[in-house]
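The values are calculated or read from the model by the stated rules, or taken from the named source; none is laboratory data. Values in this document were obtained by computation on a predicted structure and should not be read as measured data. Neighbour counts run over all protein chains shown; Cβ positions are idealised from the backbone, glycine included. To get the accessible areas, we keep the full protein, side chains included, count just its heavy atoms, and leave off ligands, DNA and RNA. Shrake-Rupley method; radii C 1.70, N 1.55, O 1.52, S 1.80 Å.
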Amino acid sequence: MKEFEAKVISVNGREVVLDRTCFFPQGGGQVGDTGFLNESRVVDTRKDESYNITHFLEKEAPFKVGEVVKGRIDWERRYKIMRLHSAAHVVYYLLIEMFGDKCKLASSGIVNEKKDITDYLTDSFERNKLAVVEGKANELIKKDGEIRTWSDGQRPNYRYWEIDGFPKMPCGGTHPKSLKEIGKIKVERGKKPGAGKERVEITLVE
Ligand SMILES: [Zn+2]
């Protein structure tokens with residue numbers, strides 16, 4: 001969903017809350033969506049602990065409570081984020097496969113439209129092995145396959161991500177529907193984030 005109509009629930013300076021939205025709020029390392037509410041530019045989207053989603057406008061909001069506005073997310077940016085986020089899941093599986101159980105996620109990574117950055121708890125990632133992981137990831141993506149995401153029945157805001165051949169993993173982010181949509185990726189070792197940690201950076205090649 002890229003566009004929608006919604007009713008304004010509250011306005012506070014540059015901050016707008018709607019009765020519904022398809023703007024993804026920053027969370028799980030994924031940046032908040034940008035786009036437009038009518039002609040007003042949305043520069044960020046955040047949520048609070050109760051999952052109330054706030055749209056942050058570039059300028060003071062010209063809306064009144066009760067008004068219906070048209071929302072439009074910056075789809076080009078969001079689609080790159082979705083592709084990179086799914087790529088990070090694929091690379092995670094292949095890293096665990098390559099380096100074994102002693103390699104673990106240090107935290108949920110950071111993904112924006114340019115790069116996915118994920119830190120792992122491990123001694124070291126040899127460069128040649130990362131190149132093998134990159135090759136395997138691109139093979140898997142090229143081979144294609146469905147990307148399934150769904151909500152936990154008990155906890156609607158708790159979601160899962162799954163592809164054939166690998167165990168499901170928890171993820172509340174946004175994703176394309178198939179592996180092929182990710183396109184070719186580059187997997188590189190980033191600046192070491194600290195003792196006992198390694199950083200992996202993923203970018204889109206095409
Ligand atoms: Zn994820």
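Quick rundown of the values:
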| quantity | calculated |
| --- | --- |
| Matching residues, region 185-202, being surrounded by 14 or more Cβ atoms within 10 Å (Cβ to Cβ) and of a type outside the set (A, V, I, L, M, F, W, C) | Lys186, Glu188, Arg189, Gly190, Pro193, Lys197, Glu198, Arg199, Glu201 |
| Residue match in region 30-39 (condition: surrounded by 14 or more Cβ atoms within 10 Å (Cβ to Cβ), acidic (Asp, Glu) and part of a loop (DSSP other than H, G, I, E, B)) | yes |
| Subset of region 99-121 [open to solvent by less than 10 Å² (accessible area, probe 1.4 Å) and either under 18 Å from the mean Cα position of the chain (by Cα) or closer than 14 Å to Gly190 by Cβ (or both)] | Val111, Asp116, Tyr120 |
| Selected residue (only one of Glu76, Glu58, Glu67, Glu126 is over 28 Å from Lys168 (Cβ atoms) and touching a residue at least 60 places away in the same chain (Cβ under 8 Å)) | Glu67 |
| Region 166-183, residues that are crowded, with 18+ Cβ neighbours inside 10 Å and away from the ligand (no atom under 12 Å from the Cβ) | Leu179, Ile182 |
| Those residues of region 2-29 which are part of a loop (DSSP other than H, G, I, E, B), free of Cβ contacts under 8 Å to residues at least 60 places away in the same chain and open to solvent by 50 Å² or more (accessible area, probe 1.4 Å), in sequence order | Arg14, Asp19, Arg20, Gln26 |
| Residue among Gly28, Gly32 that alone is under 19 Å from the mean Cα position of the chain (by Cα), at pLDDT below 95 and within 30 Å of Gly183 (Cα to Cα) | Gly28 |
| Flag if Ser50 is without any contact (Cβ under 8 Å) to a residue 60 or more places away in the chain and under 26 Å from Ser107 (Cα atoms) | yes |
| Filtered residues of region 108-129 (kept if within 15 Å of the ligand (Cβ to nearest atom) and either assigned to a helix (DSSP H, G or I) or out of contact with any strand residue (DSSP E or B) (no Cβ under 6 Å at 6 or more places or on another chain) (or both)) | Ser108, Asn112 |
| Test set (1) modelled with pLDDT of 90 or more; (2) more than 13 Å from the ligand (Cβ to nearest atom); (3) touching a Gly at 6+ places or on another chain (Cβ under 9 Å) - Asn157 fails condition number | (1) |
| Checking Asp101 against (1) in contact (Cβ under 8 Å) with a residue 40 or more places away in the chain; (2) part of a loop (DSSP other than H, G, I, E, B); (3) among the acidic types (Asp, Glu), the condition it does not meet | (1) |
| Unique match (being within 15 Å of the ligand (Cβ to nearest atom), in contact (Cβ under 8 Å) with a residue 24 or more places away in the chain and surrounded by 16 or more Cβ atoms within 10 Å (Cβ to Cβ)) among Ile163, Ile141, Ile96 | Ile163 |
| Residues located in region 144-154, provided they are farther than 15 Å from Ser86 by Cα and away from the ligand (no atom under 16 Å from the Cβ) | Gly153, Gln154 |
| Complete set of residues in region 44-93 that are assigned to a loop (DSSP other than H, G, I, E, B), surrounded by fewer than 16 Cβ atoms within 10 Å (Cβ to Cβ) and either aliphatic (A, V, I, L, M) or within 16 Å of the ligand (Cβ to nearest atom) (or both) | Val65 |
